[in-house]
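The values are calculated or read from the model by the stated rules, or taken from the named source; none is laboratory data. Keep in mind that this is a model prediction, so the values were computed, not measured. Glycine also receives a Cβ, built like all others from the backbone with ideal geometry; neighbour counts cover every protein chain displayed.
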Amino acid sequence: MVSQTRSLVWFLFICLIVSTFIGFAQSATLPTQEVEALRIIGNTLKKTTWNFNVNPCDVASNVAHYIFFVFISYIYRLLKTQNLQGSLPKEFVGLPYLQEINLARNYLNGSIPPEWGALPLVNLTLLGNRLSGPIPKEIGNITTLTRLVLEYNQLSGILPPELGNLSNLQRLFLSSNNFSGDIPITFGKLTNLTDFRISDNSLTGSIPDFIGDWTELESLVSHGSGLSGPIPVSIAGLTKLEELRISDLTGPGSPVPLLHDISKMKTLILRNCNLTGELPSFLGTNATLLENLDLSFNQLSGPIPSTYTELRDVKNFYLTGNMLNGSVPNWMVKEKDRDTIDLSYNNFSEDTNTQECFFERILNVYCLKSYQCAKSFYGLHINCGGDEVIINGTKFNADTYDRAPHVFESTINAWVSSNTGNFIDDHRVPEGSGTIWNNTSELKMIDPQLYAQARLSAVSLTYYAMCIVNGDYNVNLHFAEFMFKDDQTFKSLGRRIFDIYIQGKLMVKDFNIVEEAGGVGKAVIKTIPVTITDGKLEIRLYWAGKGTVAIPDKGVYGPLISAISVDPGKNFQPNKICCLSNIQYSFLTNFIIYTFLSAQQKHYNYEEDMMEDHFMLLDLNLIISRYNVFMYM
């Protein structure tokens, strides 16, 4: 209601300006040239509800909601989120005073018209469409432009150097396209930039040093952009930064960049950037506003600095997947008001604090630990995000734990799931804590029970089985995408892309569920053979910064999986001894000792002894074989 009231007030204000300064109130008709331009624009956009035969200042008029007197000195053009299915009309140039084009979240295709370079635009927003082709170099002529938002399209080619002429540009959003080449050196002139986003592209070259000249910058986001490291030292001069998000860089290793002043920083993500050396102590000295800190999946070593005690108020704290050692600090273990701290996959010592980190399930600090197997298993079956179900006689374990911190241990079945990361910009649930999604649409695939729910992750989702019988297996990963729509709207334009690791090895790069399955709501099973030699199996899904992150809503991205089934391969040959539980080992050890002592009490000759030993070993193998069949059939 408030929004409608404001729109009405703004509309009446425009009408008042027109009637006062143009003297156009009585006839209330648009000049013929603009009317014809708007008619062509509506047809090209496939906007079919405009009516040009009514008074445009009549609130009841259909056209009143879309035409804001294009012949006056200011124009506010708003056609976003209407699922328009046409293309971009070059006829916008027939509206010479046009200052804003906002066609975000539609279903428009085609390319950006170069003719738009003649318009006095302040804001050009085309986010979330099907646009393709390059950015016309003529866009660099719009020196009045302050916002250029082209995210979540299919644009390609190099970034035009002419964009460096946009001296008034404050926001430049280019994420989730297919741009290639280096960032042009002319971009160094964009010294009024406050927000720059370049994620999910195919760029080359390193992060340019000239970003240190963007001294007004408040936000820099580059996930999976294709750029390589190291992070330039000039970034230390950006004292107005409130969020710095860089991840998945290639190139040589480098230490954590020295950020002299992070007093305004709220989010610092330097994930998988090949950072080396020790954790910098300065992060604990002046980061008073810091809420999100992610230095995971690097090569950082050494202890956690004592200055990090000042980071108690950080809501999300990730040091996962490094080579950190020493003791886990007391404050990380003892303070129960922590939201999320993830120290998994490091080399911490096993002192008192670390043992509490290992074993206290009520705490919010988790480090994966060695696991003592009570029994072993010929496979693994998990209904990810869902309740226990039985499919064709096979029981799939429940996996319904859905609250921070995201570590769950299935003690009965000897597997652990570890979920690293949070959806910082999530508009689906409060504070981005939800990692389970329930499907509400009709399911038409085989075994629909496995696809009714799914497990989500913002960064890294690991399933770790610790008691698998050694041998050859097929790892079957079950996927179905149902967070996007299967229609001709912007909600169908999302792209979910992630990587699949088995036993720490990258097996599938840039996996896209919709492409693999042939559409939304369709199941696909990715089968990967694996040989288990130590009883352990690790399945990890990792978001490397690719894909859209805000379609249909902010926070829709990252790994999604419906079920896991790990079954013996065709030529499965288990090592029988490895299959025994501790109880079985104890039984067989006592049996062997008893048999050996009994044999010593008899005085058989050498040949008889050898024959007896031979039959004892045969009987032992037979016992083990029969016992395993009894236990695991």
Say whether the condition of being outside any loop (DSSP other than H, G, I, E, B), surrounded by fewer than 16 Cβ atoms within 10 Å (Cβ to Cβ) and not β-branched (Val, Ile, Thr) is met by at least one residue in the range 190-197. no
Scan 167, 175, 156 and give me the residue that is among the small types (Gly, Ala, Ser), over 30 Å from the mean Cα position of the chain (by Cα) and at pLDDT 95 or above. 167
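Report yes if residue 396 is in a strand (DSSP E or B), modelled with pLDDT of 85 or more, more than 22 Å from the chain's Cα centre (by Cα) and among the aromatic types (Phe, Trp, Tyr), otherwise no. Please lay out each step first, then the result.
On the way: in a strand (DSSP E or B): yes; modelled with pLDDT of 85 or more: yes; more than 22 Å from the chain's Cα centre (by Cα): yes; among the aromatic types (Phe, Trp, Tyr): yes.
Spelling it out, residue 396 is indeed in a strand (DSSP E or B), modelled with pLDDT of 85 or more, more than 22 Å from the chain's Cα centre (by Cα) and among the aromatic types (Phe, Trp, Tyr).
Hey, can you tell me all the residues within the range 198-212 that are assigned to a loop (DSSP other than H, G, I, E, B) and more than 24 Å from the chain's Cα centre (by Cα)?
Taking the range 198-212 as the starting set, the residues that turn out to be assigned to a loop (DSSP other than H, G, I, E, B) are 198-201, 204-205, 207-208.
Passing the criteria: only 208.
Yes or no, residue by residue, for (1) within 21 Å of residue 493 (Cβ to Cβ); (2) out of contact with any strand residue (DSSP E or B) (no Cβ under 8 Å at 6 or more places or on another chain); (3) in the same structural domain as residue 494 (by TED's automatic domain parsing):
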site	(1), (2), (3)
179	yes, no, no
188	no, yes, no
198	yes, no, no
206	no, no, no
215	no, yes, no
233	no, yes, no
May I ask you to verify whether residue 301 is crowded, with 22+ Cβ neighbours inside 10 Å, polar (S, T, N, Q), in the same structural domain as residue 248 (by TED's automatic domain parsing) and in contact (Cβ under 8 Å) with a residue 24 or more places away in the chain? no
Taking interchain pairs and intrachain pairs at least six residues apart, which have beta carbon atoms under 6 angstrom, with the first residue in the range 87-102 and under 14 Å from residue 125 (Cα atoms) and the second basic (Lys, Arg)? 100/77; 101/77; 102/80
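Check 484, 479 and return the single one that is touching an Asp or Glu at 6+ places or on another chain (Cβ under 8 Å), aromatic (Phe, Trp, Tyr), buried (at least 20 other Cβ atoms within 10 Å of the Cβ) and in the same structural domain as residue 562 (by TED's automatic domain parsing). Give the steps one after another, and end with the answer.
On the way: 484 fails: touching an Asp or Glu at 6+ places or on another chain (Cβ under 8 Å).
Within the list 484, 479, the selection yields 479.
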Set 212, 224: member being touching a residue at least 60 places away in the same chain (Cβ under 8 Å) and closer than 20 Å to residue 159 by Cα: 224
Quick one: in the range 265-288, which of the residues that are touching a residue at least 40 places away in the same chain (Cβ under 8 Å) and in a loop (DSSP other than H, G, I, E, B) is surrounded by the most Cβ atoms within 10 Å (Cβ to Cβ)? 273
Across the range 520-555, what is the number of residues that are under 21 Å from the mean Cα position of the chain (by Cα), of a type outside the set (Lys, Arg) and assigned to a loop (DSSP other than H, G, I, E, B)? 12
Please go through the range 289-344 and pick out each residue that is within 26 Å of residue 229 (Cβ to Cβ) and part of a helix (DSSP H, G or I). 307, 308, 311
Looking at the range 132-148, is at least one residue hydroxyl-bearing (Ser, Thr, Tyr), over 19 Å from residue 223 (Cα atoms) and in a strand (DSSP E or B)? yes
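One line per residue, one yes/no per condition, for (1) at pLDDT below 85; (2) buried (at least 18 other Cβ atoms within 10 Å of the Cβ):
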{"residue": "64", "(1), (2)": "yes, yes"}
{"residue": "85", "(1), (2)": "no, no"}
{"residue": "97", "(1), (2)": "no, no"}
{"residue": "103", "(1), (2)": "no, yes"}
{"residue": "106", "(1), (2)": "no, yes"}
{"residue": "109", "(1), (2)": "no, no"}
{"residue": "112", "(1), (2)": "no, yes"}
{"residue": "115", "(1), (2)": "no, no"}
{"residue": "119", "(1), (2)": "no, yes"}
Matching entry among 542, 473 (being among the aromatic types (Phe, Trp, Tyr), modelled with pLDDT of 95 or more and farther than 28 Å from residue 202 by Cβ): 473
Any residue in the range 250-260 that is surrounded by fewer than 22 Cβ atoms within 10 Å (Cβ to Cβ) and either over 20 Å from residue 212 (Cβ atoms) or in the same structural domain as residue 424 (by TED's automatic domain parsing) (or both)? yes
In the range 213-229, residue surrounded by the most Cβ atoms within 10 Å (Cβ to Cβ) [restricted to those that are assigned to a loop (DSSP other than H, G, I, E, B), at pLDDT 95 or above and out of contact with any helix residue (DSSP H, G or I) (no Cβ under 8 Å at 6 or more places or on another chain)]: 225
